[in-house]
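Below: the structure, in structure tokens.
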Amino acid sequence: MALEDCKMLDLPKISDPRGNLTFIEGEKHIPFRIQRVYYLYDVPGGADRGEHAHKTLRQFMIAMSGSFDITLDDGFSKKTWHLNRSFNGIYISPMMWRSLDNFSSGSVCMVLASDAYDENDYIRDYNEFLSLARRR
């Protein structure tokens with residue numbers, strides 16, 4: 001997969017003076033069926049998250065509250081996005097090294113995943129990732 005496959009996607013936003021509503025339907029608003037949902041919160045100031053890649057897993061990340069930066073790396077180039085709205089997020093294709101940092105106080109990062117947790121899908125060593133990514 002290439003970095004160009006990863007992109008910011010806007011979600012439906014229903015505006016109302018009483019509060020806005022956004023919803024996500026798998027295979028409609030994001031390009032996969034949702035099999036798992038998890039979220040990161042109470043990330044200490046200065047901490048980094050991520051620092052791994054997935055062989056086949058696809059993900060969609062949203063800043064539900066606060067903000068953070070995500071840098072994606074396909075083994076050839078890198079790009080950083082600043083997530084700070086709950087009505088859009090970043091689609092992450094397989095074989096992308098991801099690093100999350102610059103978490104604001106009280107931020108919550110929600111992740112929608114295409115598969116259940118599988119430790120064998122993770123690549124946790126950056127040099128191993130580079131070797132695999134550059135062979136494609």
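For segment 92-130, the set of residues classified as over 11 Å from Leu57 (Cα atoms) and of a type in the set (Ser, Thr, Tyr) consists of Ser99, Ser104, Ser105, Ser107, Tyr126, listed by residue number. A search for C-beta distances below 6 Å between a residue of segment 38-63 that is touching a residue at least 60 places away in the same chain (Cβ under 8 Å) and any residue that is among the β-branched types (Val, Ile, Thr), counting only pairs 6+ apart in sequence or on different chains, returns Tyr38/Val111; Tyr39/Val108; Tyr41/Val108; Ala53/Ile123.
Among the numbered conditions (1) within 20 Å of Ala47 (Cβ to Cβ); (2) in contact (Cβ under 8 Å) with a residue 12 or more places away in the chain, the only one that Thr80 does not meet is (2). The residues of segment 1-22 include none that are in contact with a His (Cβ under 9 Å, 6 or more places away or on another chain) and surrounded by fewer than 11 Cβ atoms within 10 Å (Cβ to Cβ).
Note on segment 24-55: residues that are part of a loop (DSSP other than H, G, I, E, B), under 17 Å from the mean Cα position of the chain (by Cα) and not polar (S, T, N, Q) amount to 12. Among the residues of segment 67-126, those that are part of a strand (DSSP E or B), of a type in the set (A, V, I, L, M, F, W, C) and under 19 Å from Val37 (Cα atoms) comprise Phe68, Ile70, Leu83, Ile90, Ile92, Leu100, Val108, Cys109, Met110, Val111, Leu112, Ala113. Residues in segment 82-97 that are within 10 Å of the chain's Cα centre (by Cα) and among the aromatic types (Phe, Trp, Tyr): Tyr91 only. For segment 83-90, the criterion of a residue being of a type in the set (Phe, Trp, Tyr) and surrounded by fewer than 20 Cβ atoms within 10 Å (Cβ to Cβ) is satisfied by at least one position.
Given the structure, is Ala63 modelled with pLDDT under 95 and surrounded by 11 or more Cβ atoms within 10 Å (Cβ to Cβ)? No; evaluated as a whole, the condition is false for this residue. Val43 meets each of the listed conditions (1) buried (at least 20 other Cβ atoms within 10 Å of the Cβ); (2) within 18 Å of Cys6 (Cα to Cα) apart from (2). Of all residues in segment 55-102, count the ones that are of a type in the set (Asp, Glu) and closer than 20 Å to Ser131 by Cα. Qualifying residue count, segment 55-102: 2.
The values are calculated or read from the model by the stated rules, or taken from the named source; none is laboratory data. Not measured: the values here are computed from a predicted model. Positions of Cβ are generated from backbone atoms using ideal geometry, with glycine treated the same way; all protein chains shown enter the neighbour counts.
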